[in-house]
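The values are calculated or read from the model by the stated rules, or taken from the named source; none is laboratory data. Because the structure is predicted, anything quoted here is derived from the model rather than measured. Cβ coordinates were reconstructed from backbone atoms using ideal geometry, including for glycine residues, and neighbour counts include every protein chain displayed. Only protein heavy atoms, including side chains, enter the accessible area calculation; ligands, DNA and RNA are left aside. Shrake-Rupley method; radii C 1.70, N 1.55, O 1.52, S 1.80 Å.
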Amino acid sequence: MDQATQAAWLSRTLKHIESGSTDQGEAVTRIGVQRYTDPAFLARERDTVFRDHPIAVSFSSKLARPGDFVTHDHLGLPLLLLRGRDGQLQAFLNVCRHRGARLVAAREGCGKHRFTCPYHAWTYDDAGRLLSLPHEAGFGDLDKGAHGLVRLPVAEAFGVVFVLPRQGGELDLDTALGPLKRDMENFGLSSHVVYDEREIGLRCNWKVVIEGGLETYHVRHAHGRTIAPMFLDNISIMERFDPHARLYFTKREVAKLKHQTLDGLRVRDFGNPLYFFFPNMIVLVQPDHATVMITFPQGTDACMIQGAALIPEPAQTEKARAHWDKNVKIFWDALDEDFQMGQSIQAGFRSGANSHITFGRFEHPCGWFHAALDKAMAG
């Protein structure tokens, strides 16, 4: 984030404090409950939103060296991500071209440049080329060049690896992520490394999890035992970069800046910039690191959370690990409160009590999110 924007955010926040206001949308938004319970709606989301947009699936620091690889399955597609001997990042469908068996079973590894199918030992290199197969004569004039692994577009930015889950597509993150990509890079996240990666399954629709990160209206009440004492009640900056958004969750320390010069100050020292990257990733920027949450649909009433902290350098001492463990615990303790509430909301959808839910004017990023979904599914 550039310095002028940081000063502007702090100035807007101080004006909100003085007037007792916050950023607001123009109207209340109502969303039908069927969007969270209808299998046909979920199928449309998966076939469009989760195939035609870049999806975050891993982290650059896990694929830093030639021979590093990661597998990923939460998209409903089996993925194999690897760093080739040429240093290039690659993404393939983790499917042998012989009989369709899963090629690589391990979740991750390093130092591997050949991958052999456990079923019949067809072997591929780190460029996806079919190198060999036992008893090749039995396949006649098989064209090995046409039986390489199926490639998907892949790219990385600010320490995160993105895949476009559509064969033959093109992935341009500068265009897809717009100015928010520069924001992330200006925070220095490109050189950060993963710490405490987690996967958490929840009994709620994936959209409920995203919505919980797009407003501050709930913080005072839902997080009263954890982070609420650190933050101002329902005062935030909210900006739309369709289909993405960035928000500012303001801490109480910002009030100390009244009558001070704001130039040169860092917004991350007085609150948490939060970035929503459509369709399913939230990045929370903290004073000395960032935390990432990626949400994948697993059913109308189920989702999988993939999350991690991105820290400036590997934690190599007990003191460093204690520091990051403390910070990570605060993050996940607060999120657990959101997760429990999300599961409660999903159960409420199934009760028939409501035909729709209502987002107030200061919850308008949730409305932006649903507008972006409608636009994406309309093509």
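Under a 1.4 Å probe, what is the accessible area of the chain per residue, stated in Å²?
45
Sort 80-92, 349-361, 10-22 by the packing proxy (mean of other Cβ within 10 Å over each peptide's residues), most packed first.
80-92, 10-22, 349-361
So which chymotrypsin sites (Phe, Trp or Tyr not before Pro) in the range 233-325 pass both tests, a DSSP loop state and at most 16 other Cβ atoms within 10 Å of the Cβ? Walk me through the numbers before you get to the answer.
Working: sites: Phe241, Tyr248, Phe249, Phe270, Tyr275, Phe276, Phe277, Trp324; in loops: Phe270.
For chymotrypsin sites (Phe, Trp or Tyr not before Pro) across the range 233-325 that sit outside H, G, I, E and B with at most 16 neighbouring Cβ atoms in 10 Å, the list is empty.
Placing unit charges on C-beta atoms (Lys and Arg positive, Asp and Glu negative, everything else neutral), compute the dipole magnitude of the chain about its Cα centre in debye, rounded to 20. Walk me through the numbers on the way to the answer.
Working: 43 positive and 45 negative charges, 78 e Å.
Computed charge dipole of the chain: roughly 380 debye.
Longer than 25 Å from Cα to Cα, which of Lys181/Lys329; Lys62/Lys112; Lys15/Lys329; Lys258/Lys326; Lys62/Lys319 are they? Say none if no pair is.
Exceeds cut-off: Lys181/Lys329; Lys15/Lys329; Lys258/Lys326.
Which of rounded, prolate or oblate describes the range 55-136 when judged by the alpha-carbon gyration tensor and an a/c cut-off of 1.5?
oblate
Can you tell me what share of the DSSP beta bridges in the range 65-137 is antiparallel? A percent to the nearest 5 is fine. Don't jump to the answer; show the numbers that get you there.
Working: 17 of 17 bridges.
Percent antiparallel among DSSP bridges in the range 65-137 is about 100.
If the cut-off is 17 Å between C-alpha atoms, which aspartates and glutamates fall inside it for Lys375, apart from same-chain ones fewer than 8 positions away?
Of all the aspartates and glutamates, those that pass the test against Lys375 - Cα under 17 Å, at least 8 places apart if same chain - are Glu45, Asp47, Asp52, Asp242.
Could I have the simple spin-label model distance between Asp374 and Arg220, label points 7 Å from Cα toward Cβ, reported in nm to one decimal?
3.1
I need the calculated FRET efficiency for the pair Lys326 and Ala137, taking r as the beta carbon distance and R₀ as 51 Å, to the nearest 0.05.
After rounding, the FRET efficiency stands at 0.25.
Order the peptides 166-176, 207-217 from the highest to the lowest mean number of other Cβ atoms within 10 Å of their residues.
Ranked from most to least packed, the peptides come out as 207-217, 166-176.
Using the per-residue mean of other Cβ atoms lying within 10 Å as a proxy for protection, in what order, highest first, do the peptides 131-143, 184-196 fall?
Peptide ranking by packing, descending: 184-196, 131-143.
Specify the angular offset, from 0 to 90 degrees and rounded to the nearest 10, of the alpha carbon long axis of helix 3-19 from the longest principal axis of the alpha carbons in the chain.
40
Could you state the angle between the C-alpha long axis of helix 318-349 and the longest principal axis of the C-alpha atoms of the chain, as a value from 0 to 90 degrees rounded to the nearest 10?
Approximately 80 degrees, to the nearest ten.
Between the helical axis of 364-378 and the dominant principal axis of the chain, each derived from Cα atoms, what acute angle in degrees is found, rounded to the nearest 10?
Relative to the chain, helix 364-378 is tipped by roughly 30 degrees.
Do the sum for the chain: with -39,500 (n - 2.57) for every DSSP H run of n ≥ 4, divided by all residues, what is the mean residue ellipticity at 222 nm, to the nearest 500 deg cm²/dmol?
Only helices count here, giving -8000 deg cm²/dmol.
Please flag any cysteine in the chain that has no other cysteine's Cβ under 4.7 angstrom from its own Cβ.
Isolated Cys, the chain: Cys110, Cys204, Cys303, Cys366.
Under unit Cβ charges (Lys, Arg +1; Asp, Glu -1), what dipole magnitude, rounded to 20 debye, does the range 249-289 have relative to its Cα centre? Intermediate values should be presented prior to the final figure.
Details: 6 positive and 4 negative charges, 35 e Å.
Its charge dipole is roughly 160 debye.
Considering Cα pairs under 8 angstrom that are at least six residues apart, work out the relative contact order of the chain and quote it in whole percent.
Numbers: 732 pairs, mean separation 87.4, N = 379.
Relative contact order for the chain comes out at 23 percent.
Tell me the volume per residue, in Å³, of the convex hull enclosing the alpha carbons of the chain.
About 154 Å³ per residue, rounded to a whole number.
Quick one: with all protein chains in place, what share of the accessible area of the range 200-283 is carbon or sulfur, to the nearest percent (1.4 Å probe)? Each step should come with its number before you reach the end.
Numbers: 1680 of 3360 Å².
Here carbon and sulfur together make up 50 percent of the probe-accessible area.
Express in nm, to one decimal, how much length is gained between Arg114 and Asp263 on full extension, taking 0.36 nm for each residue of separation and deducting their alpha carbon distance.
Values: separation 149, 0.36 × 149 = 53.64 nm, distance 5.28 nm.
Using 0.36 nm per residue and subtracting the Cα-Cα distance, I get 48.4 nm.
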